[in-house]
Amino acid sequence: MSEFDAIVIGAGPAGASAAIRLASSKKNVLLVEKSDPPGSKNVSGGVLWGNGLSTIIPDWEKSAPVERFVDTKSVAFLTQDSKIAIDFSSRKLQQKKTGYTVLRAKLDQWLARKAKEAGAMVINGVTVEKLHMENGKVTGVEQGGDVITSDAVILCEGANPRVAIDSGLHKRLSDNDVALGVKEVFHLPENTINERFHLKSGAGFACEYVLGYLQNGVEAGGFLYTNKDSISVGIVVSMSHLRENNSTHSYDLIESFTSHPYIAPLLEGGDMQEYSAHIVQEGGIGSMPKLYGNGYMIAGDSAGFSFSNGLVLQGMNYAIDSGILAADTFIAASDGKDYSENSLKSYQDRLEASYVMKDMRTFKGIENVTWSPFVHKKIPAMLESLMLNLFMEEGKPKRHMTGMLLDAMSENDMLKTSSIMEAYRMMRRM
Amino acid sequence: MKIEDRLSVLNYKTDKSYAHITIKPDICETCPDHFCTFACPANCYTLIEGKLNFKYEDCVECGTCDLACAHGSVTWTNTKGAHGIKYKFG
């Protein structure tokens, strides 16, 4: 007889969601979290798309510690001297609020409290060292020689899944599986943020940047999100490019972003209150572990459920949905008390039927686009010369738009067949 | 802002009895690239007179060094019992 029906490792969005669903179905569930309070070791860029959350916590927007709803979403290319941005605001985003900026130390603590309220036992400040195995089946967790038993374990350890790796359920991570995210949080008064970003109270701005100007060919993306009275700003750098470069410090890259002439004024006067970093899952479907086995399932970032095509970044929503689906699989399996691999494989079926795995399949290979020199160097440079031709009046005859575009492309060596193929592949994958 | 100043705003509960990351100095001595010194966002790996110096106390637990070191020097484990970095915002 197990002490718990299920044990969930990790109280992030995946783990807390799984625990909430299980506890709401009267399962005896233990949620173990290494940080105390929950969330105090977690880092995220910061937009939560919360459709899935409403299935376990209706009206979550009313009580969750969200910062601002996203009503202006931008994508921008930065070169040394210029910013080329697509800035999207819509009354439709205002009416149907789906994306909220969040700070994880606050959000995760709230989610863990919701799990407790639903009836889960939540233990903070305890690091699971390894899985307890009996006859090839996961039957609990171990810490400091103590064993806590359960019928199944759901691993939701985040982007750096140590227990899964050490137990042989996940391969060691490599350069192609992850990128490095480095972030800073600047405090600014709420009114200053509203004025600076042209926002009404409660509304927020979120932007992803392609940083086409970084030294020595390092490829990195930037992000900037407005919170209530702070700004989250940071970079995500490709591990393999950082390694190839091997002369630029990761912490200098964020500095070159925050000091860019079109970023620095947004942060001006802000008090830097936190510096943070974490690896980010980037490998998509190619980096995914086997998601289930005898007595276990893997959800959230640990399972590789995160995705970016440079325009949209998602992860917390997949974490929530996969955590719920893992819980549903456990609940279904508990009817026949069968937690074998054969029984838990329906987790994969549930994921395949949901948008989680559909997105992973749709955007297979997207990392080849997001980390290509074509996107990071050629497109920003080409757009910059096109815009300069369009908008800089120099008392010279102007060409038609097509001519300017062709000039800009030719300046940046983009007229060759290989470039056209690259653009085609990029469009298809995005 | 210097990396030291940025790290100085952070809260840690340092575990003096347990270094959650350890290195093997003999491997670092013959390392051809010392990529850890560029990859680590918390400047835990530095070269002092050509010798690798590592301190776990400033670690923000990002997980980077574990895969950055391609030579098998780094052993990475989770911090124990609520020790290590404590973010206010995350």
Looking at A:201, A:167, which is the one that is away from chain B (no Cβ under 12 Å), more than 21 Å from the chain's Cα centre (by Cα) and under 22 Å from residue B:21 (Cβ atoms)?
A:167
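Name the residues in segment A:40-54 that are assigned to a loop (DSSP other than H, G, I, E, B) and either at the interface with another protein chain (Cβ under 7 Å from one of its Cβ atoms) or in contact with a strand residue (DSSP E or B) (Cβ under 7 Å, 6 or more places away or on another chain) (or both), would you?
Taking segment A:40-54 first, the residues assigned to a loop (DSSP other than H, G, I, E, B) are A:40-46, A:50-52.
A:40, A:41, A:42, A:43, A:44, A:45, A:46, A:50 - these are the residues of segment A:40-54 that are assigned to a loop (DSSP other than H, G, I, E, B) and either at the interface with another protein chain (Cβ under 7 Å from one of its Cβ atoms) or in contact with a strand residue (DSSP E or B) (Cβ under 7 Å, 6 or more places away or on another chain) (or both).
Please list, ordered by residue number, the strands (runs of 3 or more DSSP E) wholly in segment A:84-140 having 1 or more residues that are open to solvent by 90 Å² or more (accessible area, probe 1.4 Å).
Filter on segment A:84-140 gives A:121-124, A:130-134.
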Starting from segment B:1-23, keep only residues that are within 12 Å of chain A (Cβ to nearest Cβ), then list their pairs with residues that are part of a helix (DSSP H, G or I) and modelled with pLDDT of 95 or more whose Cβ atoms are within a distance under 6 Å, requiring at least 6 positions of separation or different chains.
B:3/A:251
Sole residue being open to solvent by less than 60 Å² (accessible area, probe 1.4 Å), more than 19 Å from residue A:212 (Cα to Cα) and not polar (S, T, N, Q), chosen from A:390, A:383:
A:390
Just the residues that are of a type outside the set (Ser, Thr, Tyr) and touching a helix residue (DSSP H, G or I) at 6+ places or on another chain (Cβ under 8 Å), please, taken from segment A:266-285.
A:266, A:267, A:269, A:272, A:277, A:279, A:281, A:282, A:283, A:284, A:285
Among the residues of segment A:198-209, which ones are open to solvent by less than 20 Å² (accessible area, probe 1.4 Å) and closer than 20 Å to residue A:260 by Cα?
A:206, A:207, A:208, A:209
If we only count strands (runs of 3 or more DSSP E) wholly inside segment A:170-289, which ones have 1 or more residues that are closer than 27 Å to residue B:76 by Cβ?
A:178-187, A:220-226, A:230-238, A:271-281
For segment A:69-83, which residues satisfy the criterion of being open to solvent by 30 Å² or more (accessible area, probe 1.4 Å) and either more than 22 Å from the chain's Cα centre (by Cα) or without any contact (Cβ under 8 Å) to a residue 60 or more places away in the chain (or both)?
A:80, A:81, A:83
The correct count of residues that are within 14 Å of chain A (Cβ to nearest Cβ) and aromatic (Phe, Trp, Tyr) in segment B:36-58 is 2
Looking at segment A:223-272, which of its residues are small (Gly, Ala, Ser), touching a residue at least 60 places away in the same chain (Cβ under 8 Å) and either under 19 Å from residue A:376 (Cβ atoms) or open to solvent by 30 Å² or more (accessible area, probe 1.4 Å) (or both)?
A:234, A:238, A:240, A:250, A:269
Of those in segment A:22-34 that are more than 26 Å from the chain's Cα centre (by Cα) and of a type in the set (D, E, K, R), the residue least open to solvent (accessible area, probe 1.4 Å) is A:27
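Before we move on, is residue A:37 assigned to a loop (DSSP other than H, G, I, E, B), open to solvent by 30 Å² or more (accessible area, probe 1.4 Å) and either hydroxyl-bearing (Ser, Thr, Tyr) or more than 30 Å from residue B:10 (Cα to Cα) (or both)?
Working: assigned to a loop (DSSP other than H, G, I, E, B): yes; open to solvent by 30 Å² or more (accessible area, probe 1.4 Å): yes; either hydroxyl-bearing (Ser, Thr, Tyr) or more than 30 Å from residue B:10 (Cα to Cα) (or both): no.
Against the criterion (assigned to a loop (DSSP other than H, G, I, E, B), open to solvent by 30 Å² or more (accessible area, probe 1.4 Å) and either hydroxyl-bearing (Ser, Thr, Tyr) or more than 30 Å from residue B:10 (Cα to Cα) (or both)), residue A:37 does not qualify.
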Identity of the residue in segment A:341-380, open to solvent by less than 30 Å² (accessible area, probe 1.4 Å) and not in a helix (DSSP H, G or I), that ends up modelled with the highest pLDDT
A:354
Looking at (1) within 25 Å of residue A:384 (Cα to Cα); (2) surrounded by fewer than 24 Cβ atoms within 10 Å (Cβ to Cβ); (3) within 14 Å of chain B (Cβ to nearest Cβ), find the lone condition where residue A:220 falls short.
(2)
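Taking residue A:415 as the residue in question, decide whether it is part of a loop (DSSP other than H, G, I, E, B), surrounded by fewer than 19 Cβ atoms within 10 Å (Cβ to Cβ) and among the aliphatic types (A, V, I, L, M).
Working: part of a loop (DSSP other than H, G, I, E, B): yes; surrounded by fewer than 19 Cβ atoms within 10 Å (Cβ to Cβ): yes; among the aliphatic types (A, V, I, L, M): yes.
Yes, satisfied.
The values are calculated or read from the model by the stated rules, or taken from the named source; none is laboratory data. The structure displayed is predicted, hence computed values, not measured ones. We place every Cβ from the backbone using ideal geometry, glycine too, and count neighbours over all the protein chains shown. The protein model used for the area step is the full one, side chains on, heavy atoms only, and it has no ligands, DNA or RNA in it. Shrake-Rupley method; radii C 1.70, N 1.55, O 1.52, S 1.80 Å.
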